[in-house]
Amino acid sequence: MANKDVIEKDKSYIAHTYNRFNVALKNGFGARAIDFNGKAYIDFGSGIGTNSLGFCNEQWLEAVISQAQQLQHTSNLFYTLPGANLAEMLCKITGYANVFFGNSGAEANEGAIKIARKYGIETKGKDCNKIITLKNSFHGRTVTTLSATGQDVFHQHFFPFTEGFQYVGANDIQELYNAVDNTVCAIMIEFVQGEGGVIALSKEYVKAIENICKEKNILLIADEVQTGIGRTGTFLCCEQYGVFPNIITLAKGLGGGLPIGAILADKTVKDVLQAGHHGSTFGGNPVVCAGAAAVLKQIANSDFLSEVKQKAEYIRRELLDIAEISEITGLGLMIGISLSEKFNASEIDADCIDNGLLILTAKSKLRMLPPLNISYYEINEGINILKTVLGSKK
Ligand SMILES: *Cc1c(COP(=O)(O)O)cnc(C)c1O
């Protein structure tokens with residue numbers, strides 16, 4: 001089979017909801033992937049930040065295979081060990097009180113929204129159910145998380161959308177103050193807006209959010225679906241902002257490439273959802289959780305995380321030396337690249353892929369989310385491809 005055979009079959013039978021690149025990937029190891037034509041690529045995308053330890057990481061693979069040989073799924077009517085182990089690890093690493101497991105980022109955010117509404121209604125009455133989110137945010141593809149997403153392009157086609165969200169401009173403290181009243185149960189943020197263009201919130205703004213939340217007994221929800229699990233150089237991104245949100249949602253990097261979402265709840269909200277209030281058939285799947293535990297064992301230590309920071313600084317320095325690049329944004333290994341005006345990021349992305357580099361875009365930027373354990377050798381190879389592509393466009 002060649003790339004074109006896979007692409008043809010996909011186009012015949014899979015719904016056309018994605019603008020895919022003209023490549024069908026067959027296998028991979030670390031930060032390298034091979035397509036069906038035998039062509040090799042350096043991976044600066046990690047399956048959109050999911051393959052946090054690259055393709056087929058050895059310990060992850062061992063954990064997944066050995067759990068699949070023992071017990072693959074039971075439903076949530078029974079206790080299983082891998083989910084309990086993973087939840088214990090997450091709580092001990094982060095200081096949160098308990099965890100709910102689902103299967104995706106959107107599902108984690110849906111659960112967080114349910115917790116916030118129930119908490120608001122129980123503590124302050126039935127009108128306290130509004131959630132403030134930020135303009136240019138991204139929180140998922142379900143009808144409610146589309147509503148939470150503060151971008152008009154996502155509020156089309158699927159009416160009626162879920163009510164009860166209000167959007168404020170990121171980093172505008174006055175607008176936030178004006179929006180807060182006694183109907184607000186939560187404020188929900190991404191520390192670094194990922195899909196919105198890899199834009200980090202200012203520390204001052206996040207502190208102001210934390211203060212207003214404490215002052216008015218409003219919950220702070222951090223959507224760390226993309227920023228969590230070491231991506232920005234600390235285990236959770238909130239550590240760098242010096243805040244401890246009531247609820248943190250996780251997904252992308254947690255499963256090492258298998259689907260999982262998680263809601264971390266602090267002591268204020270840990271008991272808001274009781275039996276019958278929420279659930280998920282596949283949530284906490286033993287195979288996925290065993291793999292995620294192997295991811296945490298490697299990522300959640302200070303040596304690994306300081307290497308992530310060093311690699312991020314190295315990449316940022318190297319990129320700033322490239323004349324065609326005008327600005328680097330984001331935190332850690334969540335990297336946004338603005339190109340000088342004559343370039344179109346989507347075209348450059350397609351050219352990079354033709355030249356053997358898998359790289360992403362976000363809005364008008366190039367975006368990099370390399371595996372957290374990528375080697376300096378692979379980093380240099382990838383950056384050289386990007387340089388060649390940009391240089392050839394003069
Ligand atoms: C990707 C992403 C989501 C959605 O995650 P899914 O797993 O695709 O549902 C939500 N929030 C943020 C910040 C994301 O980056």
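What FRET efficiency comes out for the pair F161/Q274, r = Cβ-Cβ distance, R0 = 25 Å, nearest 0.05?
Details: r = 28 Å, r/R0 = 1.11.
E between F161 and Q274, to the nearest 0.05, is 0.35.
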Among P286, S326, V308 the positive-end extreme of the charge dipole of region 266-344 (Cβ point charges):
P286
Can you list the HN-Hα couplings for region 37-43, worked out from phi with the Karplus curve (6.51, -1.76, 1.60; θ = phi - 60°), rounded to whole Hz and with x for Gly and Pro?
8, x, 7, 9, 9, 8, 9
Here, trypsin sites (Lys or Arg not before Pro) of region 90-178 satisfying both criteria (DSSP loop; at most 10 other Cβ within 10 Å) are K126
Report, in debye and to the nearest 20, how large the dipole of region 299-394 comes out about its Cα centre when Lys and Arg carry +1 and Asp and Glu carry -1 on their Cβ.
240 debye
Just to confirm the number: angle between the C-alpha axis of helix 203-216 and the first principal axis of the chain, 0 to 90 degrees, nearest 10?
20 degrees
Within a Gaussian network of the chain (alpha carbon springs, distance under 10 Å), most fluctuating of L61, L71, L357
L71
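Report, for region 60-299, the % of DSSP beta bridges that are antiparallel, rounded to 5.
Numbers: 11 of 28 bridges.
Once the DSSP bridges in region 60-299 are tallied, antiparallel ones form about 40 percent.
Determine the percent antiparallel among the DSSP beta bridges restricted to region 88-228, to the nearest 5. Mind showing how you got there, number by number?
Numbers: 2 of 15 bridges.
Roughly 15 percent of the beta bridges in region 88-228 run antiparallel, per DSSP.
Between K9 and I34, what FRET efficiency follows from the Cβ-Cβ distance if R0 is 30 Å, with the result rounded to 0.05? Numbers along the way, then the final one.
Details: r = 19 Å, r/R0 = 0.62.
For R0 = 30 Å, the calculated efficiency reads 0.95.
Can you tell me the relative contact order of region 60-299? Whole percent, Cα pairs under 8 Å, sequence separation 6 or more. Walk me through the numbers on the way to the answer.
Numbers: 468 pairs, mean separation 73.5, N = 240.
Worked out over region 60-299, it gives 31 percent.
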Add +1 for every Lys or Arg and -1 for every Asp or Glu among the other residues with Cβ under 9 Å from the Cβ of Y241, and state the total.
0
Which of V6, V295, V180 has the fewest other C-beta atoms within 10 Å, and how do the rest follow up to the most?
V6, V180, V295
Debye, to nearest 20: dipole size of region 60-299, +1 on Lys, Arg Cβ, -1 on Asp, Glu Cβ:
340 debye
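Show that you can apply the helix-only estimate: for the chain, add -39,500 (n - 2.57) for every DSSP H stretch of four or more residues, divide by all residues, and state [θ] at 222 nm to the nearest 500.
Numbers: 13 runs with 152 residues, N = 394.
Calculated at 222 nm, the ellipticity per residue is -12000 deg cm²/dmol.
With a/c under 1.5 counting as rounded, go ahead and sort region 49-93 into rounded, prolate or oblate using the C-alpha gyration tensor (a ≥ b ≥ c being the square roots of the eigenvalues; past the cut-off, prolate if a/b is larger than b/c, else oblate). Walk me through the numbers before you get to the answer.
Values: a/c = 2.25, a/b = 1.28, b/c = 1.75.
Judged from the Cα gyration tensor, region 49-93 comes out oblate (a/c at least 1.5, b/c at or above a/b).
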Quick one: helix 302-320 against the long Cα principal axis of the chain, what's the angle to the nearest 10°, folded into 0 to 90?
60 degrees
At most 12 other Cβ atoms within 10 Å plus a DSSP loop assignment makes a site exposed; report the longest stretch of the chain without any exposed GluC sites (Glu not before Pro).
164-340
Of T268, T50, T234, which has the largest mean-square fluctuation in a 10 Å C-alpha GNM of the chain?
T268
Pairwise FRET efficiency - S302 versus A2, Cβ, R0 = 56 Å, nearest 0.05
0.80
Listed residue (Q274, H157, N211) projecting farthest to the positive dipole end of region 60-299, Cβ model
Q274
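Bear in mind that the values in this text are calculations on the coordinates, not laboratory data. Bear in mind that the values here come from a model prediction, so they are computed numbers and not experimental data. Please note: Cβ atoms are built from the backbone with ideal geometry, for glycine as well, and neighbour counts cover all protein chains shown.
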